[in-house]
Amino acid sequence: MKRFALFCICLLMLGTSALAAENEGVRLTVDGEARSLIAYEIHDNNYFKLRDVANLLKDTDAQFDVIWNEEKGAIELLSGVAYSTEEPLTETAYQNPVAIENFVPIFKDGAQVLLKAYEIRDNNYFKLRDLAAAMDFGVNWAEATQTIEIDTDASYVFPEANTDKTTVNPQYLSMIGKTKAELDSLFGAGKFDKTYSVTSYPNDVHIYWNTGGETPAATSWATGIFLPASKVFFHCPETMVSHALVKIIPSIIWESSNTEGKYQWRAPYLGKTLTFYLETSTTLIPSNYVLLNLVDFPHNNPETIQL
C-alpha cells in the first residue's frame, strides 16, 4: 500500500462536412442516414461544434442536452435528454478562424469528465471520438467509403493504436467521471480500502471517488485513477526519459523528490494533472505508477492555431 500512501502525501453525424482549413469534405452518417455538419481540422483530427453534435443526435438513442452553468462556469451534458436549444445546425464555416485550446470544466450528469476542446468564435469544438467516449455512442471509420459512421444504438469502442509510436491510451484516463456501477461492469468487482479511500480492481487499476473517504455507492463517480504507466501509453517503452515524454505529453513542468526518496514528474492532461511516480529522477519505466486526478494544472499555456 506504499504507493497509495505516496499519493495521499502528494495530493495536499451526416454527409459532407467542410474542413475550414482546407475546405475539404468528410463523409459522415448517423444510423446509416447521410447528414451534414461543419467541422474544422486540427492536428489531423476533425473537431465539431458541441451544440451541433447535440442537435444532430436529437431524438436518437444517443441524444444529450447541452447547458451552460453560469454558477459553475461549466458546460453541463445531460445524457438521454433531447437537445433543448432551438437553433439550426451551423451551415457555413468561418474563413481562416483562430482556434484556442480551451479547458472549460465539463460535467456529464453531474460528474466531471475530461474532454479537450478548442474555442472558435465563442463556441467549443470537440473531437467526435472524445464525445462518443464520454456519451457512449458508436463511432466507426469505414475505410472503403471514407466515411465516419455514427451508431447511436451501439456503445463506444476505443480504437487500437494504429502506429508503432508511443502515444497516450485514452481508454483508462477517460474513466474519470464514470460511476462505480459503470466501472464495476467494465473491470469486475473491486475491493474498497477505507484507509486510502480507493477501490482496487483486478487489472491493477485503482479508483478514487467523490465520497470523502466513505464507501462508494453505485452512483459515486471517479475523481482520480492510479495505474501503471504501461496502461497509460500505447507501446510504452522499457525506459522513457523526460525529454521523450515531452514529445507525447507537452509541458512536463517540474520534477521533485518526496520524503520516501521517490521522484515525480507532473504534466497537464486536458487541463488537469498527470503525476508520474518514479524510482529515479530521470527515467520512467512501465511499472511506475501514474495518477490522473481532477486537480487543475497550474501552468497551462493554451495553444492557439490559425486555421
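The values are calculated or read from the model by the stated rules, or taken from the named source; none is laboratory data. These numbers were taken from a predicted model, which means no experiment stands behind them. In this analysis, Cβ positions are derived from the backbone assuming ideal geometry, glycine residues included, and neighbour counts consider all displayed protein chains.
If you filter region 116-147 down to residues that are over 25 Å from LEU183 (Cβ atoms) and either outside the structural domain of PHE64 (by TED's automatic domain parsing) or of a type in the set (Asp, Glu) (or both), you find that the one that is surrounded by the fewest Cβ atoms within 10 Å (Cβ to Cβ) is ASP122. Residue pairs whose Cβ atoms lie under 9 Å apart, separated by 6 or more positions or on different chains, with the first residue in region 175-192 and over 14 Å from ALA111 (Cα atoms) and the second assigned to a helix (DSSP H, G or I), are GLY190/LYS180; GLY190/LEU183; GLY190/ASP184.
Here's the yes/no breakdown for (1) closer than 24 Å to TYR172 by Cα; (2) at pLDDT below 85; (3) assigned to a loop (DSSP other than H, G, I, E, B); (4) of a type in the set (A, V, I, L, M):
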site: GLU238; (1), (2), (3), (4): yes, no, yes, no
site: THR273; (1), (2), (3), (4): yes, no, no, no
site: PHE276; (1), (2), (3), (4): yes, no, no, no
site: PRO286; (1), (2), (3), (4): yes, no, yes, no
site: LEU291; (1), (2), (3), (4): yes, no, no, yes
site: PRO298; (1), (2), (3), (4): yes, yes, yes, no
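Here are some residues: TYR201, TYR125, TYR196, TYR172. Which one is within 19 Å of the chain's Cα centre (by Cα), within 30 Å of SER242 (Cβ to Cβ) and of a type in the set (Ser, Thr, Tyr)?
TYR172
Being of a type in the set (D, E, K, R) and touching a strand residue (DSSP E or B) at 6+ places or on another chain (Cβ under 9 Å): is that true of GLU76 here? Criteria met by GLU76. So ALA154 clears everything in (1) at pLDDT 95 or above; (2) among the small types (Gly, Ala, Ser); (3) under 30 Å from VAL246 (Cα atoms) except one condition, right? Which one? (3) is the only condition that ALA154 fails.
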